[in-house]
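Here's the structure, in structure tokens; my notes come after.
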Amino acid sequence: MRKIKSRPEVAHVASPIPRRAKQISDEYSAQPADDYGQGMKVGELAKKYGIHRVTVADHLAFHGIEKRSRGLGEAQVLDATTRYQAGTSLAALGKKYGVSPTTVRQTLVMKGIAMRSTYEHLVRKLPSG
């Protein structure tokens, strides 16, 4: 401790000021709930209203709104399977469905779809003969 106090650059550092969590009223929390119902994501709502994602989830629960499941729905999985097998990249599929390419990959692997190698699209079959 003596060494720290003897260093002037450390001796004058103030401790961080604790912050209080932003509170929003029940009436005001109806707006994020409405936005969520129109398709906004929890992270987008947190950013828009300047509150934490957990706080958004708490307000949704207060209004009786169930959170949407994350990942791909069954129809999206079938479509992604067809598109992937036709040659569409995981990145393109992720962008199409609003999820990460890793989410698409994990979903397809769970459904038993064989993954292409990362360079397979670059290899072209040479004409025989």
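The values are calculated or read from the model by the stated rules, or taken from the named source; none is laboratory data. Owing to the predicted nature of the structure, the values given are computational and were not obtained by experimental measurement. Positions of Cβ are backbone-derived with ideal geometry, glycine not excepted, and every protein chain shown enters the neighbour counts.
Some observations on this one:
- Of 109, 99, all but one fail to be surrounded by 15 or more Cβ atoms within 10 Å (Cβ to Cβ) and either closer than 30 Å to residue 30 by Cβ or at pLDDT 90 or above (or both); the exception is 99.
- Condition check for residue 124: closer than 30 Å to residue 38 by Cα, charged (D, E, K, R) and modelled with pLDDT under 90: no
- Test result for residue 92, closer than 19 Å to residue 116 by Cα, at pLDDT 85 or above and either aromatic (Phe, Trp, Tyr) or in a helix (DSSP H, G or I) (or both): yes
- Taken residue by residue, segment 81-88 has at least one member that is hydrophobic (A, V, I, L, M, F, W, C) and either in contact with a Pro (Cβ under 7 Å, 6 or more places away or on another chain) or assigned to a loop (DSSP other than H, G, I, E, B) (or both).
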